[in-house]
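Every read-out reported here was derived from the displayed coordinates using simple, explicitly stated rules and does not represent laboratory data. Small disclaimer: the values here were computed from a predicted structure and weren't measured. Don't worry about glycine lacking a Cβ; one is built from the backbone with ideal geometry, like all the others, and counts go over all protein chains shown.
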Amino acid sequence: MMETINSVATSLSARVEQDAPFPLDVAFTARSGEVLALVGPSGSGKTTTLRMIAGLATPKAGRIALGDTVWFDAQAALNIRPELRRIGYVFQDYALFPHLNVLDGVRLAMRHVPYGDQIAAGMDILKRVGIERLAQRRPRELSGGERQRVGIARALARDPVLLLLDEPFSAVDRPTREQLKREVSDLTASLSIPTLLVTHDIDEAVALAQRMVVIDNGRTIADAVPSELRRHPPTPRIAEIIGTHARQS
């Protein structure tokens with residue numbers, strides 16, 4: 001198992017609203033050390049919600065806070081810049097820099113580390129996710145699974161207080177997906193920070209998350225333990241969403 005990453009244990013609370021380009025009214029909390037899965041149909045607002053929490057998109061209304069630290073408050077006209085939120089973000093499409101090798105790409109996320117210490121610290125992060133041998137390779141020389149591990153390493157390199165995973169397994173084949181799921185499960189178990197997982201796969205939510213929020217047409221319609229929600233969906237619509245995504249997996 002990966003070594004524990006020391007971070008301040010603090011819960012996330014988020015309420016985000018917008019009218020356009022599509023209506024969004026989502027609210028939830030994620031406790032320290034907890035994996036919270038966001039599940040719903042395509043276009044329901046899952047990734048948009050993640051981007052708002054990261055500061056890459058701005059809600060029209062709402063409030064986002066990690067413990068006592070407020071990142072966004074529409075009423076107070078407060079909107080902290082993304083680079084000041086200390087969030088680790090793993091993108092669905094990797095979002096790696098093609099001209100940088102793996103180590104240098106990870107070092108870009110280590111501005112909080114003194115320059116002279118970044119190589120050693122970067123290698124420690126690569127070792128933590130099992131890709132230290134890839135330090136000098138560029139993205140075009142990596143497999144899909146290796147690219148996603150680089151994305152995870154870069155997210156951890158920020159020493160994050162919150163980890164965001166946006167469909168982290170969707171771009172890899174099934175054997176790689178199963179291996180990555182085991183590795184991410186070990187990783188999140190070692191963290192004392194909240195993790196948000198966007199997924200279309202109910203089985204992933206059951207395997208990795210302690211709680212699951214279902215989003216439909218931009219609204220939160222359920223918040224429960226994934227296995228319980230799958231066994232006892234409270235409404236026909238939730239049963240339809242969960243059943244659809246279970247068949248897609």
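Between 154, 137, 211, the GNM of the chain built on Cα springs shorter than 10 angstrom shows 137 fluctuating the most.
Under 5 Å between amide hydrogens, built in the peptide plane, is the criterion, and for residue 222 it picks out 214 among residues at least 5 positions away or on other chains.
Which one, 85, 231, 15, has the greatest fluctuation when you compute a Gaussian network model over the chain with C-alpha springs under 10 angstrom? Taking springs between Cα atoms under 10 Å, the residue moving most is 231. Among the listed options [x] 127; [y] 152; [z] 171, the one matching volume of the Cα convex hull per residue in Å³ as calculated from these coordinates is [x]. Simple spin-label estimate for residue 232 and residue 119 gives 5.9 nm between the two label positions (7 Å along the Cα-to-Cβ direction from each Cα). For residue 122, neighbours were defined as the other residues whose beta-carbon sits under 13 Å from its Cβ, and their charges (Lys and Arg +1, Asp and Glu -1) total +1.
If you run the Gaussian network model on the chain, springs between alpha carbon atoms under 10 Å, then out of 75, 18, 148 the most flexible one is 75. Go ahead and run the numbers for FRET between residue 189 and residue 20, Cβ-Cβ distance against an R0 of 51 Å, rounding to 0.05. Here the calculated transfer efficiency is 0.85.
Based on the Cβ-Cβ distance of residue 136 and residue 61, what FRET efficiency does E = 1/(1 + (r/R0)^6) give at R0 = 41 Å, to the nearest 0.05? That pair, residue 136 with residue 61, gives E of 0.30. Here's how it looks for residue 90: its modeled amide H is under 5 Å from those of 164, 165, 166, which are all 5 or more places away or on a different chain. Near residue 167, once Lys and Arg are set to +1 and Asp and Glu to -1 for all other residues with Cβ below 12 Å from its Cβ, the sum equals -2.
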